[in-house]
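First the structure, in the form of structure tokens, and then the observations on it.
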């Protein structure tokens, strides 16, 4: 046993003294031999400076301030918003800004506007009826800048004219155009979809639009297996179906009032007979319970061959979400593939070319880059399709032989689709756009070559959304 | 004659004769065996001794000890080599001091050896005050008009010049290459950027991506092409750039510098405008290092009771 | 020593004249006559401090005489070769080059840059200097915007603060024009309310400047007797005033009820408060009035002999 203050003990065995029979007085507590702090602290009779501790029995060394961390009190901001209110506020879509100046040269969109090649680079506004229809199908998104301008308006791009041209051509030939829109982040894919819908509404097509594919697969709506389906079992999403039916009805009310049914649907609670307006068929779905059969009936009516049906536009945004395993589980707790959901299957069948609309139409889907999953098979398939379209057989991308994540069902769907790239806009279109912004009073600079070129460069060489970000969502106004 | 403070005049006078350069033979003779065992230093002039006849000498040698005489009288001083060169310079000044000189602003700039350099070169502990005086003579001699400067002066001055002459460095003037591109590089924080600028229509590629792809923040995009924006050249040039290191802000500001330097190769007259736009100066700030006893660079550890 | 500037300005004028008049076979160009007259004493002055031999001068003065002599010989040439028009053109060209070269040499002698920016070194014209401050990389935003963005910043996230600021401005752009309260007048010189939404920066500026307090209350500890502090009003600079006002606004924002969720919520609340300030509904006005009242009441303390040394 060695004393801590004995310097000679440092290099010696601790019991050296004891072995020699020397009694080492232990007068200090033991600590590490190199530190004296604790020893000194423990030493009695340390002078007391504090006047408060006169009582010697209570020894307080290093009595000081305690570190107090002030907690910010929770501010009482009153009653929180009711459930769903926050989301409604977040998703609120404002389509006009009364402060913005009306732009004199902007005309209203008419049936032929979007197919007119001469109008490329001009801005057209959406007529009020069309706005309501597009609102019903949720074609507007809260992230877009509709709320900054006097009237919701859209730029006619080269791509939009091309897309509309394809739709029209398909209808002429009574075929179905199957198109997938790809392109960079915020390059205008959803807006292109909106333009396709606008054209369809203005030309009296029937539009069925899935505003966000994510809602179908992320487990947010109720689902149930469809009876009598085996291998694979299909699942219906009645709540979503009801919502979809209502939006279809709201958007296409006028047309459905005129269309008559061609067969009777005795399986529905309301007995729908032949030659009843399709509107009454849709109205049959009052609750989620019977929504799926109604939707099926409606789909068969619309596809009835030989009947006089208008062209149909079936469109979906955020396509990659339905190209993967969904969040739903089967009875044996296996994950359900998105294509086993009946609504998704309906769309993918149409996109894969299995559906045939009686008087033609189009199936258009838009991919998303910002919040979408990466689907290797889809990306590969789209690239391959693009290479085929460009006649570039040498540069055809091939599968990675060591990668296991490919999905055959996805490839099958996308095998024959047409891929359209939504590219960057040119400086001429950019100028038209910026002149519109300036005339609305939102861009407070003179629009000349210099300014156009600057925003064009800042927008990554004409990515439309990026240009908007650089010009409209900035501190420099 | 310039009024150069030479307090060592006396010493100089004393050693004048000794400082004269001598041939090897003379030096050898200076080390002759002193027959008379004379103790006096040879100060003024050395008479060349007659050729030694070894046979003759054989009988003459009576002294038991032979002693060589040092080459220079400075041999016995503390800093002999310095003294020698000092004396030499002083003599040169006396001889050539009335040659025409050129005004100080026209003199070729030379970086002279510092005191430490000189001490290292001669291997002696030269006193600073002495070296200052010596340098004054050197500078005075250097002021002699270059066309008239005699060779011994030039040679003597060479000993005082540093081996690397920073003033002779010339900035490499950047030029456009055969494709009309100019290269500029820039740094900021820990990022470094190289930008190639070519006349074009305003396309920018950073590490193979467009500006919007590479910089998510609009502020950074603006920063990167600020040189073009401020001078109104946004639609006149194309940029192809490589950036590495650091974060987005650093990379964007490194690009500012790189692009502005590349732009100055195309249009040197833009420099004043670019300086006023804040695109010329390299921002030297770096992350401050962490210190021991601190939590971060400056943050002190919180006081803990016990 | 004669002033240098006058000479240089004279040279510039002369060189211009020399370039415009094509020296049509007359004697010497005006520029050279003048330049020799003036340059000779100037050169002497340059070396006047040193009594040197003239041949030990800089190469610049060595080049001067041959060029002037060549130009004088060329002044004779048109008379000698009247018919050789082509040659005369070439010689004129040479003369012009000489004039330019000489001009530059003169400029060098006078410490000027011969390759002046006005002459060359650019391809698409030069921007007029001084550049406006918004073209400086570090001052690209309005000064108030810059200050306020940094006040808005939390945890050093400037990027987020800037995005919030942009959203605030967009909220102000889309909200209806404010209805002013006559009891809470805005800062004099502010634009009419219906102009504000389309100029959101001014909107924000007006809001902040209107509620900015003029004074703050400084407390001098223990000087009022009995351990109380002596309250003395002190004036604030413009930047300080804006800071105080915006911190008050941010305090009010903390108490505001949030309607939605997501990244737009905080900027929406700030923007709502700013609209409330302009419309006179905000509590910030009361804070301002309170500070001003206290300041007015405490101004007698300015005469307190104890604090005179501190002011």
Average beta carbon contacts from partner chains per residue of C:169-180, 10 Å cutoff: 4
Exposure proxy ranking, count of Cβ atoms within 10 Å, fewest first, for A:456, A:299, B:303, A:292: B:303, A:299, A:292, A:456
Estimated inter-spin distance, residue A:275 and residue B:130, nm [label 7 Å along Cα→Cβ]: 13.1 nm
Convex hull projection area averaged over all views, the range B:182-276, Cα basis, nm²: 5.1 nm²
FRET efficiency for residue A:370 and residue B:199, using Cβ-Cβ distance with R0 set to 35 Å, rounded to 0.05: 0.50
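In nm, what is the difference between 0.36 nm times the number of residues separating residue A:158 and residue A:389 and their Cα-Cα distance?
81.3 nm
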Sorted largest first, extent of the range A:427-471 alpha carbons per principal axis (Å): 24, 19, 15
Sequence of C:187, A:206 once ranked by neighbouring C-beta atoms within 10 Å, starting from the fewest: C:187, A:206
The range A:427-471, relative contact order in percent, only Cα pairs under 8 angstrom and at least six apart counted: 30 percent
Overall form of the range C:184-243 per C-alpha gyration tensor (a/c, 1.5; a/b vs b/c): prolate
Shielding score for B:209-217, defined as the mean number of other chain Cβ atoms within 10 Å: 6
Label-point separation, residue B:298 to residue A:233 (7 Å along Cα→Cβ), nm: 6.5 nm
Partner chain coverage, peptide B:235-243 - average Cβ within 10 angstrom: 2
Shape category assigned to the range A:171-422 from the gyration tensor of Cα positions, a/c cut at 1.5: oblate
Inter-site label distance for residue B:305 and residue B:190 at 7 Å from Cα along Cβ, in nm: 4.0 nm
Rounded, prolate or oblate (a/c below 1.5 giving rounded, otherwise prolate when a/b exceeds b/c) for the range A:375-456 by Cα gyration tensor: prolate
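For the residues B:145, A:321, what sequence is obtained by ranking on other C-beta atoms within 10 Å, fewest first? Mind showing how you got there, number by number?
On the way: B:145 18, A:321 24.
Ordered by Cβ neighbours within 10 Å, fewest first: B:145, A:321.
Read-outs throughout are calculated quantities, based only on the coordinates presented, and are distinct from any laboratory measurement. Model, not experiment: these values are computed from the prediction. Positions of Cβ are backbone-derived with ideal geometry, glycine not excepted, and every protein chain shown enters the neighbour counts.
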